[in-house]
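Here the structure is laid out as structure tokens; the discussion comes afterwards.
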Amino acid sequence: MRTPTPPRLRGPLAPAAGLLAAVLVLSGCQEVQTSTAPAEETADVTGVGLDGKTIAEGGDLVMALSAEPDVLDPTTSSSLYTRYVMQTMCEKLYDIDASGEIVPMLATELPEVSEDGLTVTFPLKEGVQFADGTPFDAEAVKTSIERHLTKEDSSRRSELGPITDVKAVDDLTVEIDYETPFAPIAAVLADRAGMIMSPTELEKTGDDFGEHPVCVGAFKFVERVPQTSITVERDPLYYDAENVHLDSITYRIITDASIRAANLRSGDVQVADTLSTQDLTELEADENVGLLEVGSLGYQAMTVNVGNTDGVGAPPGKIDTPIATDPRVRQALSMAVDREQLVKSVFNDRFDPACSPIAPSSTFSTAASEACPEYDPEGAKALLEEAGVETPYKIEMKVTNTPDTLRLAQAVQASVADGGFEVEIVPVEYSSLLEVQEQGDFDLLQLGWSGRVDPHGNMFNFLSTGAGNNYSGYSNPEVDDLLTEAATVIDPAERAELYGQVVTQVQKDNPIIYLYRTRSLTGYVGEVAGISTYADGVVRLSHAAFVEPTEG
């Protein structure tokens with residue numbers, strides 16, 4: 001088996017007058033993954049292709065989904081698992097490919113940017129229809145983007161930058177005007193902000209769009225059974241319908257990783273996401289199971305509530321607890337976490353410690369963004385004493401109620417005890433935990449982020465005042481200014497330096513305490529091909545198929 005070149009990310013290379021996109025480079029697709037080496041020695045396996053295989057047209061594929069998605073609405077969704085489902089139903093203006101480069105999807109070219117950086121123009125595919133038969137055109141794109149910008153509970157507003165106007169220049173050309181240049185636009189439109197919704201369905205359902213989403217996709221929505229499953233079926237109106245092979249996909253909610261693995265081995269499901277490192281040895285020994293393994297652009301972290309009193313996006317309020325008011329207490333908590341030991345004990349050394357929202361393989365990575373507080377429990381206790389906090393300092397941490405997360409929480413609990421903290425673990429069902437973090441109903445909470453190709457997507461929405469994913473209620477004018485400036489700069493080195501400054505300040509304030517970086521672990525049975533998982537963590541099934549067994 002050929003060993004791919006180790007992954008390396010690269011950032012936007014074109015000037016403002018040309019094409020604007022942040023891109024990354026990962027290793028090519030391989031079909032077999034058998035290594036049990038630690039994460040840094042394991043090559044990425046991004047997909048299993050259809051080339052050379054005999055496709056058995058039709059069939060109903062079942063994917064085991066590790067958590068229930070939130071609302072199926074591109075404007076308000078905040079769950080990775082929603083992106084899995086929406087990937088088959090709601091195509092975006094742009095996407096990333098297996099090598100991590102930003103590529104056109106519903107657009108036909110990367111954005112063209114004016115010399116002053118204030119106007120972004122992109123052309124659209126012709127002859128495309130939404131699943132309800134509504135024509136896909138520039139007015140539909142304008143409607144979706146304006147909804148992202150104006151809907152009161154939108155999670156996309158702060159992602160899109162300082163837009164002043166969105167215009168349908170003609171049927172197939174969209175123009176976005178900015179107050180100041182906005183470098184991450186292509187990367188932003190390669191995520192939920194670039195999902196275009198049927199204006200007919202939006203007019204009909206309004207805020208209830210997520211109950212019956214209608215977009216452009218290989219599949220269209222059929223039904224959702226809460227806590228159980230979501231089903232989509234082949235859309236005959238899809239512009240590339242001849243390359244869609246399955247009749248339907250059912251996303252079955254199976255929150256226990258060991259049960260997902262067992263269902264995969266038995267063939268009751270054909271694809272399973274987020275497999276546990278505890279099950280890999282057994283899965284890798286199964287001749288009928290293949291594994292995709294991809295390094296993540298995201299992170300897992302603990303979020304400290306320092307000002308989320310009225311819900312995400314509202315102005316920060318005052319929380320009168322030592323951990324919310326005194327950065328020394330939060331710094332002590334960060335110092336009390338033994339990140340190296342966490343990934344060894346909980347994840348068999350398959351994942352990597354992390355102290356930053358910027359992946360080390362990114363072109364935006366710098367010494368500042370890679371700096372990590374040393375594990376120092378004695379120093380942590382000294383900081384707590386300096387802050388006048390009685391030890392052990394007791395704090396409640398809300399986490400998802402999955403076995404792997406509970407193992408992580410228990411390891412964190414044991415680690416920080418030596419640093420003067422007493423953590424009470426409160427397990428919460430995943431979709432409920434999303435609501436908890438949005439409402440600010442927590443002191444400390446453990447969740448992660450799947451990551452985006454541009455650092456803006458991993459930082460601005462979480463760290464700038466009042467942004468759509470600023471669950472901590474954090475507000476620092478210096479960080480706001482740095483993040484805003486970084487989005488206006490075209491040169492990758494300048495942007496990297498600015499993001500490094502942000503990380504330095506955030507590691508002083510610690511509204512988010514970064515813990516580790518996962519690898520996306522997706523399993524599939526040998527009778528399925530045409531599936532992939534890229535560095536954004538999304539499992540792609542739009543062109544999956546059942547295939548005839550290979551003789552030999």
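The values are calculated or read from the model by the stated rules, or taken from the named source; none is laboratory data. For clarity, every value in this text was computed on a predicted model and none was experimentally measured. As a convention, Cβ positions derive from the backbone with ideal geometry for all residues, glycine included, and neighbour counts pool all protein chains shown.
A Cβ distance below 6 Å, combined with a sequence gap of six or more or placement on separate chains, defines the contacts here; from segment 115-135, residues that are in contact (Cβ under 8 Å) with a residue 40 or more places away in the chain and within 22 Å of I185 (Cα to Cα) reach residues that are β-branched (V, I, T) and in a loop (DSSP other than H, G, I, E, B) in the pairs P123/T108; K125/T108.
Does M86 meet the test of being in a helix (DSSP H, G or I), in contact with a Ser or Thr (Cβ under 9 Å, 6 or more places away or on another chain), closer than 29 Å to F351 by Cβ and at pLDDT 95 or above? The answer is yes for M86. Restricting T309, T277 to those that are out of contact with any strand residue (DSSP E or B) (no Cβ under 7 Å at 6 or more places or on another chain) and closer than 30 Å to G49 by Cβ reduces the list to T277. Scanning segment 48-63 for residues that are out of contact with any Leu (no Cβ under 8 Å at 6 or more places or on another chain) and in contact (Cβ under 8 Å) with a residue 24 or more places away in the chain turns up G49, L50, K53, T54, I55, A56, E57, V62. Hey, among the residues in segment 291-311 that are farther than 28 Å from Q410 by Cβ and under 23 Å from the mean Cα position of the chain (by Cα), which one's surrounded by the most Cβ atoms within 10 Å (Cβ to Cβ)? Among them, the one singled out is L292.
All of (1) over 30 Å from D153 (Cα atoms); (2) surrounded by 15 or more Cβ atoms within 10 Å (Cβ to Cβ) hold for N401 with one exception: (1). Within segment 341-363, being among the basic types (K, R) and part of a loop (DSSP other than H, G, I, E, B) holds for one residue alone: R350. So is V214 surrounded by 22 or more Cβ atoms within 10 Å (Cβ to Cβ) and under 26 Å from E435 (Cβ atoms) or not? Considered against the rule, which asks whether it is surrounded by 22 or more Cβ atoms within 10 Å (Cβ to Cβ) and under 26 Å from E435 (Cβ atoms), V214 comes out as yes.
Of everything in segment 230-250 that is of a type in the set (D, E, K, R) and part of a strand (DSSP E or B), the residue that is nearest to E126 (Cα to Cα) is R234.
Listed by position, the helices (runs of 4 or more DSSP H) enclosed by segment 251-337 that each have at least 2 residues that are in the same structural domain as G388 (by TED's automatic domain parsing) and either free of Cβ contacts under 8 Å to residues at least 40 places away in the same chain or not basic (K, R) (or both) are 322-325, 327-335. Annotation note: of E429, E424, the sole residue that is in contact with a strand residue (DSSP E or B) (Cβ under 6 Å, 6 or more places away or on another chain), charged (D, E, K, R) and either in contact (Cβ under 8 Å) with a residue 24 or more places away in the chain or closer than 29 Å to A359 by Cβ (or both) is E424. Taken over segment 373-390, residues that are exposed (fewer than 15 other Cβ atoms within 10 Å of the Cβ) and within 30 Å of E494 (Cβ to Cβ) amount to 1. Among the residues that make up segment 350-360, is at least one of them over 19 Å from the mean Cα position of the chain (by Cα) and not hydrophobic (A, V, I, L, M, F, W, C)? The answer is yes, given that some residue of segment 350-360 is over 19 Å from the mean Cα position of the chain (by Cα) and not hydrophobic (A, V, I, L, M, F, W, C). Here is the figure for segment 361-384: residues that are without any contact (Cβ under 8 Å) to a residue 60 or more places away in the chain and either in contact with a His (Cβ under 8 Å, 6 or more places away or on another chain) or of a type in the set (S, T, Y) (or both) total 1.
Looking at T180, T173, just one residue is in the same structural domain as P111 (by TED's automatic domain parsing) and under 23 Å from E494 (Cβ atoms), and that residue is T180. Listed here are the strands (runs of 3 or more DSSP E) enclosed by segment 148-229 that have at least 2 residues being among the β-branched types (V, I, T) and within 25 Å of Y251 (Cβ to Cβ): 219-225. Taking segment 404-446 as the range and being small (G, A, S) and surrounded by 18 or more Cβ atoms within 10 Å (Cβ to Cβ) as the test, the residues that pass are A409, A411, S415, G419, G420, S431, G440.
Could you list, in sequence order, all residues of segment 212-250 that are free of Cβ contacts under 8 Å to residues at least 60 places away in the same chain and within 27 Å of Y430 (Cα to Cα)? H212, V222, E223, V225, T228, S229, T231, E233, listed by residue number. Just wondering, is there one or more residues in segment 131-148 that are of a type outside the set (D, E), modelled with pLDDT under 95 and crowded, with 21+ Cβ neighbours inside 10 Å? No; the residues of segment 131-148 include none that is of a type outside the set (D, E), modelled with pLDDT under 95 and crowded, with 21+ Cβ neighbours inside 10 Å.
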